[in-house]
Structure formats: C-alpha cells, structure tokens
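The values are calculated or read from the model by the stated rules, or taken from the named source; none is laboratory data. What you see is a predicted model, and the numbers here were worked out from it, not measured in a lab. Neighbour counts run over all protein chains shown; Cβ positions are idealised from the backbone, glycine included.
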Amino acid sequence: MAKINVFKLRENNTDTATGATGMLTHMIIDKDLKTRYLLQPRAVNPKTGHPVEKIHLEPARLEDQTKLEEIEIPIEVLGTVVKDEASGIEGTALSFVRHPNGCFHVHIQPKGVIEKTREPIKPIDVDFRQVTGEKVPVMTEEEKEVSRKKNPSPDGIGMHFGPPLPK
C-alpha cells in the first residue's frame, strides 16, 4: 500500500488552461503514482440538454492546489495479472479510478488483439471488489457488503477515459 496526497473529489476547482470551473468527479492513478482528474464543468450543452464533456487534466492545471487529502492505494496490484470475477476476463491491471462517492475501480488490459482488425483489445473498467489476483487484498463477503454500502459502485456505463468516442 502507498499513502499519497490527492485532490479531494466532489470539490469545485478551476482548470487554469481552459478557465472552466466545475467539480472534480474522478481520479485516475497509474503505476508510477501519477494522477489525472476529470473535471465536470458546471454547464449544459444547449444542443443535447446533457452536461458538457468532462475535462481530462493533470493536477498542475488545477487552480486551487489546497484541497488535498491522504489516501491509501494498493499500488502493488498495478502491473500484475488480475481477473474480473464477473466476466472472467483476465489481464494486466493498468490503473485505478476513484469515483466521487469513494468507489474504487481498476482498468484491466487483456492480452491480444482483435483478429479481424489487428487492434489491441480495449481495457475494461471493473469495480476493484470483484477482482482477484496474487497481489489483490482479499476481503470477506461481509467486508465487501459494508464497502458496497459505504461506497456504491457505478455500473461503468458512460465511463470513458481515452480520446473522445466517435459521435
């Protein structure tokens, strides 16, 4: 486990590059402890009626550098092989995603490519509580239930951390 200082989620902040102000909704952390954040600007797209797209940014772009908290990350899991117990998909744990209400996910990169296109299989986003692996901390079912109530998990629908999806 590694203790690190990160920006508090669900706090308002401003992106110094765009000037957009909004709420930090997600934190992504990779194996070398680099963090990135998603900032949801407080604005609605007039064409769709939906929130404008989140801004993917590094910590240095945040105007208020004081809203920090210390958290523990099971960093030893990243770079190891893990398995999603729900789907059976196995692959390398690439990064963690911390959600605004405390839920913690892992991005899993399966080995291989799609035969027809020769493109790599896309990583999947999975609730860390449903992952197994040599370095994954083991929780009892009772501990998982308490954790689920305290930090409910989103279903992953609409979650995307790469380049913009095609329209």
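Some points to look at:
- Tally of residues being of a type outside the set (Lys, Arg), surrounded by fewer than 17 Cβ atoms within 10 Å (Cβ to Cβ) and either more than 21 Å from residue 2 (Cα to Cα) or without any contact (Cβ under 8 Å) to a residue 40 or more places away in the chain (or both) across segment 26-54: 11
- Residues (among the polar types (S, T, N, Q) and closer than 17 Å to residue 30 by Cβ) located in segment 50-108: 80, 92, 95
- Residue match in segment 102-119 (condition: among the hydroxyl-bearing types (Ser, Thr, Tyr) and under 20 Å from residue 72 (Cβ atoms)): no
- Annotation: of all residues in segment 102-111 being in a loop (DSSP other than H, G, I, E, B) and at pLDDT 95 or above, the one that is surrounded by the most Cβ atoms within 10 Å (Cβ to Cβ) is 110.
- Evaluation of residue 81 against (1) farther than 19 Å from residue 36 by Cβ; (2) out of contact with any strand residue (DSSP E or B) (no Cβ under 9 Å at 6 or more places or on another chain) (one fails), failing number: (2)
- Among (1) in a strand (DSSP E or B); (2) of a type outside the set (Lys, Arg); (3) touching a helix residue (DSSP H, G or I) at 6+ places or on another chain (Cβ under 7 Å), the one test that residue 39 misses: (3)
- Residues being in contact (Cβ under 8 Å) with a residue 24 or more places away in the chain and in a helix (DSSP H, G or I) - total across segment 115-151: 4
- In a residue-by-residue description of segment 133-152, the property of being of a type in the set (D, E, K, R), surrounded by 15 or more Cβ atoms within 10 Å (Cβ to Cβ), at pLDDT 80 or above and more than 19 Å from residue 35 (Cα to Cα) applies to no position.
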